[in-house]
Amino acid sequence: MNSYSFKPRLWPTLMTIPLLVCLLLLGNWQVERLDWKLDLIEKIKQRATSAPASLPMAVDDLDDLEYLHVTVNGTFDHDHEMTMYSVGPNGEPGYDLYTPLILNSGASIIVNRGWVPEPIKNQSDRPDTLDLGNVTVEGLLRKPWKKLWYGPENDPENNMWFYGDVDGMAEYNALDRNFPMFLYADKIDTDNSFPVAGRTEFNIVNNHLDYALTWYGLAIVLIGIYLIAHIRKKDG
């Protein structure tokens with residue numbers, strides 16, 4: 001009958017123990033991040049589906065307001081409408097319409113009113129899409145975002161926008177008291193015309209479980225390699 005002995009060597013053991021501890025700590029950290037992300041997703045769903053609240057007077061942390069459902073009143077400044085290239089509901093090329101809304105308080109917020117197909121990018125081809133007078137807009141607050149490293153620069157002079165630089169948009173249109181987030185208008189169920197609003201997708205990446213399993217898996221592999229390297233078959 002074969003017998004085996006386990007004889008750990010000093011240097012491999014001294015290298016394996018801290019590496020194993022690091023792998024386990026990384027796995028535990030990802031589990032904590034998983035709990036945090038699940039809680040965040042639940043909070044976002046509650047914000048987005050709750051009754052619309054008033055626009056906050058002050059903003060301390062944009063993340064705390066992301067996807068908050070709000071209602072505002074004001075007048076659209078269609079003369080400063082900005083068009084951002086976007087793919088439509090059926091994969092058709094077109095543009096999202098970002099329009100300053102001058103609030104009754106005199107401040108402003110840039111509203112993504114929705115998407116229109118490329119042939120009617122110009123306002124002259126869609127006069128019925130312009131909401132005139134004082135309006136009430138309900139929608140979700142969204143954070144601005146930076147240019148992708150491979151993406152084009154915004155071209156305000158030709159009204160071609162490719163990423164959500166809310167500060168740059170406000171500066172170009174001389175909006176002195178602009179809210180630091182966008183408002184994505186809700187879809188109006190009774191309105192099937194353009195612009196097509198309410199297209200917000202909750203693309204919240206949550207890979208923390210996969211990462212945790214990866215770190216724990218590497219820890220198991222490390223233990224296996226360590227044991228294989230130190231278990232010897234006895235002679236005789």
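Tabulated values for the structure
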read-out: Given (1) assigned to a helix (DSSP H, G or I); (2) in contact with a Pro (Cβ under 8 Å, 6 or more places away or on another chain), number of the condition Gly94 does not satisfy; value: (1)
read-out: Selection status of Asp167, free of Cβ contacts under 8 Å to residues at least 60 places away in the same chain, under 23 Å from Ala58 (Cα atoms) and exposed (fewer than 14 other Cβ atoms within 10 Å of the Cβ); value: yes
read-out: Residue list for the range 56-78, filter: in contact (Cβ under 8 Å) with a residue 60 or more places away in the chain, surrounded by fewer than 18 Cβ atoms within 10 Å (Cβ to Cβ) and touching a strand residue (DSSP E or B) at 6+ places or on another chain (Cβ under 8 Å); value: Val59, Leu62, His69, Thr71, Asn73, Thr75, Asp77
read-out: Any pair with Cβ under 6 angstrom, 6 or more apart, that starts in the range 79-92 at a residue that is closer than 15 Å to Met160 by Cα and ends at one that is modelled with pLDDT of 90 or more and of a type in the set (D, E, K, R); value: Thr83/Lys121; Met84/Asp96; Ser86/Asp96
read-out: Single unsatisfied condition, Leu101 versus (1) touching a residue at least 60 places away in the same chain (Cβ under 8 Å); (2) closer than 26 Å to Ile204 by Cα; value: (2)
read-out: Options Asn207, Asn158; residue that is modelled with pLDDT of 85 or more, surrounded by 12 or more Cβ atoms within 10 Å (Cβ to Cβ) and not hydroxyl-bearing (Ser, Thr, Tyr); value: Asn207
read-out: Residue under evaluation Glu92, criteria (1) touching a Ser or Thr at 6+ places or on another chain (Cβ under 9 Å); (2) surrounded by fewer than 21 Cβ atoms within 10 Å (Cβ to Cβ); (3) not aliphatic (A, V, I, L, M), criterion not met; value: (1)
read-out: Any chance Gly114 is within 25 Å of the chain's Cα centre (by Cα) and more than 24 Å from Arg47 (Cβ to Cβ); value: no
read-out: Criterion: assigned by TED's automatic domain parsing to the domain that holds Leu101 and either of a type in the set (Asp, Glu) or modelled with pLDDT of 95 or more (or both) - qualifying residue of Asp167, Asp191; value: Asp167
read-out: From the options Ile225, Ile220, residue that is touching a Ser or Thr at 6+ places or on another chain (Cβ under 9 Å) and modelled with pLDDT of 75 or more; value: Ile225
read-out: All positions within the range 170-188 that are at pLDDT 90 or above, in a loop (DSSP other than H, G, I, E, B) and farther than 22 Å from Glu66 by Cβ; value: Asn173, Ala174
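The values are calculated or read from the model by the stated rules, or taken from the named source; none is laboratory data. Quantities reported herein were computed from a predicted structural model and do not represent experimental measurements. Glycine gets a Cβ as well: all are built from the backbone with ideal geometry, and neighbour counts include every protein chain shown.
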